[in-house]
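Each remark here refers to the structure printed beneath this line.
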Amino acid sequence: MKRIVLAAALATALAAALPALAATPVYKGTVGPGFTITMAKKPTQAGRVSIVVADKSSIHNFHLTGPGVNVKTSVSAIGTKTFTVTLKKGTYKFICDPHTFMKGSFTVR
Ligand SMILES: [Cu+2]
């Protein structure tokens, strides 16, 4: 009987937490396989966002910096990595560390 009550409480807690997770906007970043680094759609508003980075090359990385944020993928690793960050007002830059001409930016207002 106690287990059922506990399970019900857990289900209620999960249901309460889910809308907050679902509300986190998702943006995509891509680096490689050639000498390109892009974000198809860029964040413009402050707040929590998830950035899903597809790192398609073992010679590039995706390094995002800006107010309160400094996250990066490894140069040698290939794969998808998700960063959940809180954006603030200001300019954010994404760059490939070994090739600094590969870069982009977006501004949060
Ligand atoms: Cu590079």
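May I ask you to list the residues in segment 26-37 that are of a type outside the set (A, V, I, L, M) and either open to solvent by 60 Å² or more (accessible area, probe 1.4 Å) or part of a strand (DSSP E or B) (or both)? Within segment 26-37, TYR27, LYS28, GLY29, THR30, PRO33, PHE35, THR36 meet the criteria. The set of residues in segment 38-53 that are within 16 Å of the ligand (Cβ to nearest atom) and open to solvent by 20 Å² or more (accessible area, probe 1.4 Å) contains only THR38.
Applying a threshold of 8 Å to beta carbon distances and a minimum spacing of six or more residues, or different chains, the list of pairs starting in segment 82-109 at a residue that is part of a loop (DSSP other than H, G, I, E, B) and ending at one that is open to solvent by 70 Å² or more (accessible area, probe 1.4 Å) and β-branched (Val, Ile, Thr) reads PRO98/ILE59; ARG109/THR44.
Can you tell me which residue is nearest to the ligand (Cβ to nearest atom) among those in segment 54-79 that are exposed (fewer than 13 other Cβ atoms within 10 Å of the Cβ) and within 14 Å of the chain's Cα centre (by Cα)? Checking each candidate, the answer is GLY79.
The values are calculated or read from the model by the stated rules, or taken from the named source; none is laboratory data. On a predicted model such as this, the values are computed, not experimentally measured, just so you know. Ideal geometry is used to build each Cβ from the backbone, glycine not excepted, and the neighbour counts take in all protein chains shown. Quick note on the areas: whole protein, heavy atoms, side chains included, nothing else; ligands and nucleic acids left out. Shrake-Rupley method; radii C 1.70, N 1.55, O 1.52, S 1.80 Å.
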